[in-house]
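What follows is one structure encoded as structure tokens, with my remarks underneath.
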Amino acid sequence: MFKVLDKLHIGNMYCIAVEGDTKLLKNGLMLIDEKGNIFEIETVAMTNYDNIEDYKKFAHLVLHGDIENIGAVLFLNV
């Protein structure tokens with residue numbers, strides 16, 4: 001599970017900040033929110049952090065999909 005912390009509109013795509021087990025994330029992976037919306041990860045980026053261990057639980061994702069209606073939580077869509 002990934003908690004959606006923030007979203008930023010970039011051109012025709014969105015970048016969202018998430019909290020969760022970021023080692024599971026990779027380009028091309030499909031995610032689904034609690035509303036049933038499906039998103040594809042275009043890019044995974046490391047977020048700024050104060051504690052070196054934070055890289056394991058925070059990331060920014062560039063996603064394809066209806067981000068304007070994204071829920072508060074994302075799950076792996078397997």
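The values are calculated or read from the model by the stated rules, or taken from the named source; none is laboratory data. A quick note: this is a predicted structure, and the numbers were derived from the prediction, not measured. Counting neighbours? That spans all protein chains shown, and the Cβs are built from the backbone with ideal geometry, glycine included. Ligands, DNA and RNA are stripped out before the accessible areas are found, and what is left, the full protein with its side chains, is counted by its heavy atoms. Shrake-Rupley method; radii C 1.70, N 1.55, O 1.52, S 1.80 Å.
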Amide H partners (placed H, <5 Å) of residue 71, local residues excluded: 34, 35
Solvent-accessible area per residue for the chain (1.4 angstrom probe, square angstrom): 63 Å²
Table column - 3J(HN,Hα) (Hz), the stretch 28-35, Karplus curve with 6.51, -1.76, 1.60, x for Gly and Pro: x, 5, 9, 10, 10, 9, 5, 8
Computed label-point distance, nm, for sites residue 45 and residue 23 using a 7 Å Cα→Cβ extension: 2.4 nm
Of all accessible heavy-atom area on the chain, the percent that carbon and sulfur account for (1.4 Å): 52 percent
